[in-house]
Amino acid sequence: MDLSGKRGLIVGIANEHSIAAGCATLFQAAGAQLAVTYLNDKAEPYVRAVAETLHSPIVLPCDVSVPGQLEAVFARIAQDWGRLDFLLHSIAFAPAGDLRANLIDCSAEGFALAMDVSSHSFLRMARLALPLMSNGGSLMTMTFYGADRAVEHYNVMGPVKAALEASVRYLAVDLAPRRVHVHAISAGAVKTRAASGINHFDALLDEVRSHTPAQHLVTIEEIGRIATVLASDAGMTLTGSVVYADAGFHIVA
């Protein structure tokens, strides 16, 4: 779990309780230098507080739905660092009305926006990161069990995350000759700001806890340990897989 000398980009920290923050903390503890993004002015103070603990030299706005913001992040990394060793994509969004509706009632506009922000943005980040990964690298994204099984109240995010997982497999094949490995981390249910938008999320947490072998939820730090392995040289032999960081929830019928 040695990331000494490596440089990574973390997209998706909302506050100190975010899965992305847990991963970033472990990356930094393993020796990595990190660039961090925040969604908007409202989120900036919370993200900067985390960035300070990480000693991040690059902290920039990044709303992937705003033209040019994602490109500006990679331009700054190219200017300041000239390279990138790993990337964590930990963002997802769907309009509240579409997220809380049954899938059959999801609007075309809401579906398209959820797919663009939550799935296609990972492809865009991969394309921008590739020129900076001349010596290989690691691309990671966060997913959930609802991509593989119908989870009550997960609604539109189910097919969106399924598309994200399929993208990981195809990217892994496309980028293998460049020594860039690609991973989806299927995290167990964690009470984060983003997850609070899902209807009856507390009930979902209780359901996950009761069906997990040790009957406890994973922490953001535990998920971060898995991400750190995947970002390290030890993770180079793995690519294209969904790696479960869910304390065994996915194995229980």
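Bear in mind these aren't lab numbers, they're just calculated from the coordinates by the rules spelled out. Predicted, not measured: the structure shown is a model, and the values here were computed from it. A quick note on method: Cβ atoms are made from the backbone with ideal geometry, for glycine too, and the neighbour counts reach across all protein chains shown.
Structural remarks
- Each of Arg127, Arg7 was scored by other Cβ atoms within 10 Å of its Cβ. Arranged with the fewest first, they read Arg127, Arg7.
- A Cα-only calculation for the chain places Rg and Dmax at 17.0, 50 Å.
- Charge dipole of segment 7-245 about the Cα centre (unit charges at C-beta), most positive-ward option of Met236, His153, Pro67: Met236
- Net charge, Ala147 excluded, C-beta distance under 14 Å - Lys, Arg +1, Asp, Glu -1: 0
- Environment charge at Ala29 (Cβ cut-off 13 Å; Lys +1, Arg +1, Asp -1, Glu -1): 0
- Ordering Val64, Val117 by the number of other Cβ atoms within 10 Å of each residue's own Cβ, fewest first, gives Val117, Val64.
- Among the GluC sites (Glu not before Pro) within segment 48-154, those in coil by DSSP and having at most 16 neighbouring Cβ atoms inside 10 Å are Glu152.
- Residue exposure proxy: Thr143, Thr25, ordered by other Cβ atoms within 10 angstrom of their Cβ from fewest to most, comes out as Thr25, Thr143.
- A helix-only calculation puts the chain at -11500 deg cm²/dmol for mean residue ellipticity at 222 nm, using -39500 (n - 2.57) for each DSSP H run of at least four residues, averaged over all residues.
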